[in-house]
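Undergrad: Before I ask anything, here is the structure I am working with.
The values are calculated or read from the model by the stated rules, or taken from the named source; none is laboratory data. Source: prediction; values computed, not measured. Here Cβ is always computed from backbone atoms with ideal geometry, including for glycine, and neighbour counts include all displayed protein chains. All accessible areas refer to the heavy atoms of the entire protein, side chains included, with ligands and DNA or RNA removed. Shrake-Rupley method; radii C 1.70, N 1.55, O 1.52, S 1.80 Å.
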Amino acid sequence: MSKAILKFDLSDPDDLIDFKRTTKANDMAFTLFEIFRNTKKGLEWDIAAKISEAKDKGEEFSAFDALDLIYDTLFEKLNDNDINIDDLV
């Protein structure tokens, strides 16, 4: 079995970011899987429901509203997996 030892100088800002990326790699992979495999259908249902609700109220559910819903959902998935993009870039 192969083994690797990664060493980071956590006092170096670049190494610290690399360390955070390394330790969050599984969380990021699972989050991306969730987003690309499971989130589309849920968003489809949510958008359809929002369109219907808006129509019933005589309002409009715009493309910008849909975009906000999508981004809110993406950020929720990131937060659910404790991923803070600002810590990783």
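Undergrad: For the pair residue 76/residue 63, report the inter-label distance in nm, with labels modelled 7 Å from Cα in the Cβ direction.
TA: 2.4
Undergrad: Taking Cα centroids, how far is region 8-67 from region 71-89 in Å?
TA: 7
Undergrad: Ignoring ligands, DNA and RNA, what percent of the 1.4 Å accessible area of the chain is carbon and sulfur?
TA: On the way: 4040 of 7370 Å².
Looking at the chain in its full context, I get 55 percent from C and S.
Undergrad: First obtain the Kirkwood hydrodynamic radius of region 1-78 from its Cα pairs, then insert it into the Stokes-Einstein equation at 37 °C and 0.692 mPa s, and state the resulting D in µm² per second as a whole number. Intermediate results must be reported in sequence, preceding the final value.
TA: Details: Rh = 15.7 Å.
So the translational diffusion coefficient is about 209 µm²/s.
Undergrad: Among residues other than residue 80 whose Cβ falls under 11 Å from its Cβ, what is the net charge (Lys/Arg +1, Asp/Glu -1)? Walk me through the numbers before you get to the answer.
TA: Details: positive: 77; negative: 27, 34, 76, 82.
Counting the neighbours of residue 80, the net charge comes to -3.
Undergrad: Keeping all protein chains in place and using 1.4 angstrom, which order do 1, 28 fall into by accessible surface area, from largest down? Display every interim value, and only then the final one.
TA: Working: 1 210, 28 55 Å².
Largest accessible area first, the residues go 1, 28.
Undergrad: Student exercise: in the chain, how many lysine pairs 8 or more apart or on different chains have Cα atoms under 22 Å apart?
TA: Counting lysine pairs in the chain gives 12.
Undergrad: Another one. Could you order 76, 60 by accessible surface area, starting with the largest, using a probe radius of 1.4 Å?
TA: Working: 76 100, 60 145 Å².
So the residues, ranked largest to smallest area, are 60, 76.
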